[in-house]
Amino acid sequence: MTKVRAAITGIAAMVPPYILTNKELEMMVDTSDEWITTRTGIKERHILKGDGLGTSEMGSAAVKELLKKTGTSPDEIDLLICATVTPDMIFPATANIISNKAGIKNAFSFDMNAACSGFLFAVATGSKYIESGTSKKVIIVGADKMSSITDYTNRDTCVLFGDAGGAILLEPATDDCGIMDSILLADGSGQPYLHMKAGGSSRPPSHETIDGKEHFVYQEGQAVFKFAVTKMADISAEIMGRNNLTGEDIAWLVPHQANLRIIEATARRMGIGKNKVMINIERYGNTTTATIPLCLWEWEHKLKKGDNIILAAFGGGFTWGSIWVKWAYDS
Ligand code: ACO
């Protein structure tokens with residue numbers, strides 16, 4: 001029997017218009033364009049401005065564009081999964097809010113939180129609903145308003161993050177294209193190095209947590225860097241090895257965009273030249289769950305049916321993963 005795979009059949013993204021440059025950050029904290037560029041590769045990032053606008057603003061804009069672009073009616077969607085660490089609210093799920101804004105009424109929807117690896121976790125999950133025959137059209141959203149949890153008085157973290165949302169459509173394919181393999185991992189012992197201290201059930205919001213700035217990203221950069229650089233490279237090499245793929249076979253590496261040095265180390269380990277690595281960190285910074293769809297969206301016009309693409313990510317949790325995709329269409 002022919003194997004049914006989940007193929008990516010469309011992609012869209014929303015980037016808010018306001019651009020926060022390194023120059024502007026130099027006026028906010030004790031930093032420099034030179035430090036940010038050499039340590040991270042980031043030059044600017046986009047920030048969502050406007051009262052009451054949350055992650056669903058970007059996620060729903062991306063979904064509406066995706067539906068338009070692929071000629072899909074909202075009624076045809078069976079499932080929408082939103083990967084995010086900055087939900088509009090603790091509940092209901094931002095996926096439900098996005099579905100409502102995009103007119104999706106016949107689907108079930110839920111959020112997934114695997115920090116920066118969230119998009120990959122959601123793609124792997126959504127693809128199982130397609131492979132099993134349970135769903136025919138699944139939307140995966142990666143959207144984060146990182147500016148809502150970033151302390152713009154802390155130079156350690158405020159230079160790193162940006163806001164954006166992306167969305168892909170998954171549909172069944174029987175022509176040996178689509179999501180070919182995935183490896184996902186998590187290690188909860190990484191929690192002390194990257195987390196938000198308060199706002200959850202173990203430490204609900206209070207005057208004390210607000211005064212202590214505990215509702216922002218807390219990161220021990222060097223410790224996270226060490227894990228990220230080895231784990232993202234290891235898992236990308238592993239998915240290639242177990243599928244007999246070499247650097248020659250890979251058309252594109254799509255790495256999570258947290259730090260240019262981590263991206264370069266991963267590409268080196270995989271034997272992939274920089275010309276085959278999607279890198280846009282200089283313009284968007286780390287948009288958490290949106291980095292990978294944002295890359296695919298920007299490079300879509302260069303992708304060809306049958307291209308072997310490796311998606312790779314590392315994030316808070318710790319979480320990490322890689323997915324081998326055979327691209328399903330000529331753009
Ligand atoms: N400008 C100037 N100096 C700075 C800045 C800044 N913006 N930030 C930190 N520094 C200083 C530090 O205070 C320190 O000074 P000191 O030596 O006098 O103490 C010095 O620069 C070095 O600081 P480090 O933290 O060691 O710098 P490092 O080279 O490690 O770079 C960075 C920091 C960019 C955060 C890096 O560690 C990194 O990329 N880590 C991994 C991030 C990641 O992958 N996160 C996972 C995904 S995010 C998620 O899941 C939500």
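What to note about this one:
- With Cα atoms defining each centre, the range 133-212 and the range 1-34 are spaced 13 Å apart in the structure.
- Taking 29 Å as the limit for the C-alpha separation, the pairs LYS197/LYS326; LYS64/LYS226; LYS23/LYS231; LYS64/LYS136; LYS128/LYS304 exceed it in the case of LYS197/LYS326; LYS64/LYS226; LYS23/LYS231.
- Computed in the context of the full set of protein chains, the accessible area of the range 73-118 at 1.4 Å probe radius has 59% of its extent on carbon or sulfur.
- Cβ-defined net charge surrounding ALA122, 14 Å radius [Lys, Arg +1; Asp, Glu -1]: -1
- MET89/THR174 FRET efficiency (R0 56 Å; Cβ-Cβ; nearest 0.05): 0.90
- Comparing ASN154, LEU184, TYR218 along the charge dipole axis of the chain, the residue lying farthest to the positive side is LEU184, per the Cβ-charge model.
- Counted charge near GLY165, where neighbours are those whose Cβ lies closer than 9 Å (Asp, Glu -1; Lys, Arg +1): -2
- Gyration tensor (alpha-carbon) shape descriptor, the range 180-326, a/c threshold 1.5: prolate
- Over the chain, accessible surface divided per residue gives 42 Å², non-protein components excluded, 1.4 Å probe.
- Rounded if a/c under 1.5, otherwise prolate or oblate - the chain, Cα gyration tensor axes: oblate
- Working note: Karplus 6.51/-1.76/1.60 with θ = phi - 60° gives the range 5-12 the couplings 10, 9, 9, 7, 10, x, 8, 8 Hz, where Gly and Pro are set to x.
- Share antiparallel - DSSP beta bridges, the chain, percent rounded to 5: 70 percent
- Averaged over residues, the count of other Cβ atoms within 10 Å places the peptides 15-24, 223-232, 198-207 in the sequence 223-232, 15-24, 198-207, highest first.
- Only the Cβ atoms of Lys and Arg (+1) and of Asp and Glu (-1) were treated as charged; on that basis the dipole of the range 5-176 about its Cα centre amounts to roughly 380 debye.
- Per-pair calculated FRET efficiency, R0 = 35 Å: GLU264 and VAL29 via Cβ, rounded to 0.05: 0.85
- Charge tally around THR86: other residues with Cβ under 10 Å, Lys/Arg +1 each, Asp/Glu -1 each, net -2.
- Relative to the current alpha-carbon distance between ASN106 and LEU53, full extension at 0.36 nm per residue lengthens the span by 16.6 nm.
- DSSP H segments from the chain that extend 27 Å or more along their own axis, Cα-based, with Kyte-Doolittle mean of -1.0 or above: 221-242
- Amide H contacts for VAL277 (H built 1.01 Å from N in the peptide plane; partners 5 or more residues away or on another chain; cut-off under 5 Å): LEU253.
- Among THR246, GLY59, ALA83 - extreme Cα towards positive end, dipole of the chain, charges at beta-carbon: THR246
- Apolar share of the accessible surface for the range 151-299: 51 percent from carbon plus sulfur atoms, 1.4 Å probe.
- The calculated FRET efficiency for GLN222 paired with ASP75, based on their beta-carbon distance and R0 = 45 Å, is about 0.35.
- The overall shape of the range 5-176 is prolate: from the C-alpha gyration tensor, with semi-axes ordered a ≥ b ≥ c, the ratio a/c is 1.5 or greater and a/b exceeds b/c.
The values are calculated or read from the model by the stated rules, or taken from the named source; none is laboratory data. The structure presented is a predicted model; accordingly, all values stated were derived computationally and were not measured. In this analysis, Cβ positions are derived from the backbone assuming ideal geometry, glycine residues included, and neighbour counts consider all displayed protein chains. Accessible surface areas use protein heavy atoms only, side chains included; no ligands, DNA or RNA. Shrake-Rupley method; radii C 1.70, N 1.55, O 1.52, S 1.80 Å.
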